[in-house]
Amino acid sequence: MNVSHASVHPVEDLPTTDGGVDGGGPNINEVPRVRMKDIQGMPGTAGGLALRICQFVSAVLGICIMATTSDFPSVTAFCYLVAATSLQSLWSLAQAIIDVYALLVRRSLQNYRVVSLFAIGDGITSTLTFAAACASAGITVLIDNDLNSCAHNHCLQFKTATAMAFISWFTALPSFLLNFWSLASR
């Protein structure tokens, strides 16, 4: 007996349309787009604002600590660290302002172009910050462990500024990944 059961091969009964495309009314067969929920950490959410504030504070602390030393301009990696964290702090401050605005007016920032801009900006700034932190960490290890000349340098400030840059990168990474993921899921 070869009988097809509805539970095995379900067949949907399409609803009848009063107007449809030809009748001038709404098209009932048109499937509504499902919007992804705003995940905390994405632009325009409280989690996103918290990440941006952490990025900004850690980047600014790293800049201030590095600026208190008199000999950081003599090492290129430390100059690069100051430049990268300056860019990170400006980007994070701008994004935090946008997040505050979006939260105040209760507006979602899940526009494809806006999220693309955020993903590209987050990717660039987080890559620059990570590269600068790694370069500065390498120089700090060279000065401290290999040359044993921490007595003549500001090793504690260099280590602290490098740690702040790593923290800034670590808090920038979720923003980038969430934005990139939301682009990929469209």
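We did not get these values from a lab; they are worked out from the coordinates using the rules stated. Values in this document were obtained by computation on a predicted structure and should not be read as measured data. Every residue, glycine among them, receives a Cβ derived from its backbone with ideal geometry; neighbour counts consider all protein chains shown.
Here are some notes:
- Virtual spin-label span in nm between Ser185 and Ser74, 7 Å along Cα→Cβ: 5.1 nm
- Each residue of the stretch 113-125 was assigned a 3J(HN,Hα) from its phi angle through the Karplus expression (A = 6.51, B = -1.76, C = 1.60, θ = phi - 60°), giving 5, 5, 5, 4, 4, 5, 5, 5, x, 5, x, 5, 5 Hz with x at Gly and Pro.
- Relative contact order (%) - the stretch 46-185, alpha-carbon pairs under 8 angstrom, separation at least six: 40 percent
- Around Ala94: net Lys/Arg minus Asp/Glu count, Cβ-Cβ under 12 Å: -1
- Ranking Gln157, Leu93, Gly138 by how far each Cα lies toward the positive end of the dipole of the stretch 46-185 (charges on Cβ) leaves Leu93 at the top.
- Mean shadow area of the stretch 46-185, taken as a quarter of the surface of its Cα convex hull (nm²): 8.5 nm²
- For the stretch 138-155, backbone phi angles converted through the Karplus equation (6.51, -1.76, 1.60; θ = phi - 60°) give residue-by-residue couplings of x, 5, 5, 5, 4, 5, 6, 7, 7, 8, 6, 10, 6, 5, 9, 10, 9, 4 Hz, Gly and Pro being listed as x.
- Length gained when the stretch Arg107-Asp146 is fully extended (0.36 nm per residue, less Cα-Cα span): 8.7 nm
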